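Values in this text are rule-based calculations from the coordinates and carry no lab data. Please read all numbers here as calculations on a predicted model, not as lab measurements. Note: ideal-geometry Cβ built from the backbone for every residue, glycine included; neighbour counts use all protein chains shown.
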Amino acid sequence: MSYTNLTKPRATRQDDEEKYSVTMLIPKSDVATKADIDASIEAAAQAAISKIWGGVRPPVLPIPIHDGDGVKENGTPYGPECKGHWVITAGTKNKPQVVHQSNIATELIPQDIYSGMYARVTVNFFGYMYKGRKGVGCGLGNVMKTRDGDVLGGGVSAAVDFTGVGSEAATPGIPAAGQVNPLTGQPYGQTSINPLTGQPM
């Protein structure tokens with residue numbers, strides 16, 4: 001997942017309507033998924049010829065899937081994370097549900113949703129005519145996170161930044177640093193010394 005706008009809508013261009021969206025990076029080795037996408041795009045185009053485009057198919061049909069090893073419409077190359085992938089962006093006006101595969105009944109908190117995570121996504125393809133342009137778009141349904149991945153965009157979590165520095169999470173059954181032993185009144189890990197014997201009390 002890249003460019004994840006799943007918790008708050010965003011407009012990609014100044015005059016565009018704000019939408020929830022995500023860009024999906026599909027490995028080129030996943031030929032079955034690519035074949036399903038191609039078939040769905042063609043089915044959407046065939047339906048749009050009679051329903052939206054007045055019986056005329058555009059000679060060059062804009063579609064929502066692109067070659068990550070190529071260049072964007074403006075001629076600039078895709079980012080390094082796109083290499084070896086098909087790139088497809090899906091959007092919706094309605095807020096999608098984002099869940100984890102371990103608990104599909106509970107939505108994830110925003111901090112667990114980021115560019116770089118892996119997920120399964122429900123999408124639908126549709127023909128459109130917008131400001132004189134005809135094409136096939138990709139609508140976004142819901143998202144099921146399958147596992148974590150490297151954060152895209154240069155950011156890292158505080159847990160990664162401070163690994164091995166500062167307090168670690170307490171291990172079950174082992175008191176955390178700073179907790180006071182109710183029997184001795186001393187912090188765990190510290191003991192009082194008997195001044196007569198030199199031994200811990």
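Here's a check for you: in the range 107-147, which residue that is charged (D, E, K, R) and outside any strand (DSSP E or B) is surrounded by the most Cβ atoms within 10 Å (Cβ to Cβ)? The selected residue is 112. Looking across the range 1-51, the residues that are over 15 Å from the mean Cα position of the chain (by Cα) and assigned to a loop (DSSP other than H, G, I, E, B) come down to 11, 12, 13, 14, 15, 16, 17, 18, 28, 29, 30. Taking the conditions exactly as written (among the aliphatic types (A, V, I, L, M) and surrounded by 14 or more Cβ atoms within 10 Å (Cβ to Cβ)), does residue 37 satisfy them or not? Yes. Provide a single number: the residues in the range 99-113 that are in contact (Cβ under 8 Å) with a residue 60 or more places away in the chain and closer than 27 Å to residue 38 by Cα. Here the count works out to 0. Taken over the range 74-100, the criterion of being within 21 Å of residue 139 (Cβ to Cβ), out of contact with any Leu (no Cβ under 8 Å at 6 or more places or on another chain) and either surrounded by 18 or more Cβ atoms within 10 Å (Cβ to Cβ) or of a type outside the set (D, E, K, R) (or both) is satisfied by 88, 89, 94, 97.
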